[in-house]
Amino acid sequence: MAAKNEQAAAPQQAELTLSRVFDAPRELVFDVWTDPKHLAQWWGPEMFTTPVCRVDARPGGELYIVMRGPDGQEYPMKGVYQEVRRPERLSFTNQAMDGSGVELLEGMTTVSFEALGAKTRVTVRTVMRAKVPQAALALAGMEPGWNQTLDRLGAHLGAAA
Amino acid sequence: MSADALSPVFSALADPTRRAILARLALGESTVKELMEPFDMSPPAITKHLKVLEKAGLISRGREAQWRPCRLEAGPLRGVADWVEDYRRYWEQSFDRLDDYLQKLQGKKRKPHGRKK
């Protein structure tokens, strides 16, 4: 039953993989991931801007990106490139920080670029590790089982309200 | 909800016993005695967990001296679920923007099924 399943410890690590095919040649897609001029044009959620985008895409090079939300709040992200193999593969560490600069999560993101004729399949795989115990649950939340638990709790409370 | 506001919630939820208590409370409110049974814990141990959950705003407790039933509170859990969902959406939306940007770079028009601006 539910109670038993939830006895499992919150994972300290979680994975997120997303994949999409873009209608553009592989070299171009790779370049818009590594050139700060390009990167600043698309990085981050809708309605966000990228006031700072410093990217040194070579192994050991740093990336530092600040995103600004529609409400003006800024979300800094920093990391170090591990692997830069044009045009097929890119990997970098990335740290998510809270508003006061405390590191919450550390991730390793690998981006692969696969040519499909004139199109390109991009697969982003991020493995996130909790830097602070508080972040462990956020990772647990990335697990389908825990999400369902949250849905169930939410539905129950919605009905009770 | 900001990550700061969520910190006490995350740390309350980092413990498997406390998550199990919440799952139990999702079925309905319970007394401390009822909660003790499935967890095989002493009253002081369970009370300690309940205090952490209460402080994080995840549960509330009735005022009746003897009975003091525990019940789940929705708000903070919604915050956690939102936070996780935000992270997923972050990449989804970056992909949407990347798609648009690549079309623009190549001087192509958005495909008919594309999102309207």
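Filtered by the rule that a residue be over 16 Å from the mean Cα position of the chain (by Cα) and under 13 Å from B:D15 (Cα atoms), the range B:52-63 gives no residues. The residues of the range B:8-35 that are more than 13 Å from every other protein chain (Cβ to nearest Cβ) and in a helix (DSSP H, G or I), listed by number, are B:V32, B:K33. For residues in the range A:50-86 being loosely packed, with under 14 Cβ neighbours inside 10 Å and within 12 Å of chain B (Cβ to nearest Cβ), which is nearest to A:T34 (Cα to Cα)? Across the range A:50-86, the extreme among qualifying residues is A:G69. Residue check: A:S100 meets all listed conditions (1) of a type in the set (S, T, Y); (2) part of a strand (DSSP E or B); (3) at pLDDT below 90 but one, namely (2).
Step by step: first the residues of the range B:60-102, then only those that are facing another protein chain (nearest Cβ under 7 Å) and over 18 Å from A:S19 (Cα atoms), then the one that is modelled with the highest pLDDT. Which residue is that? Filtering first and then ranking leaves B:L72. Within the range B:35-75, if we keep just the residues that are free of Cβ contacts under 8 Å to residues at least 24 places away in the same chain and of a type in the set (K, R), the residue that is nearest to B:L25 (Cα to Cα) turns out to be B:R61.
The values are calculated or read from the model by the stated rules, or taken from the named source; none is laboratory data. On a predicted model such as this, the values are computed, not experimentally measured, just so you know. Counting neighbours? That spans all protein chains shown, and the Cβs are built from the backbone with ideal geometry, glycine included.
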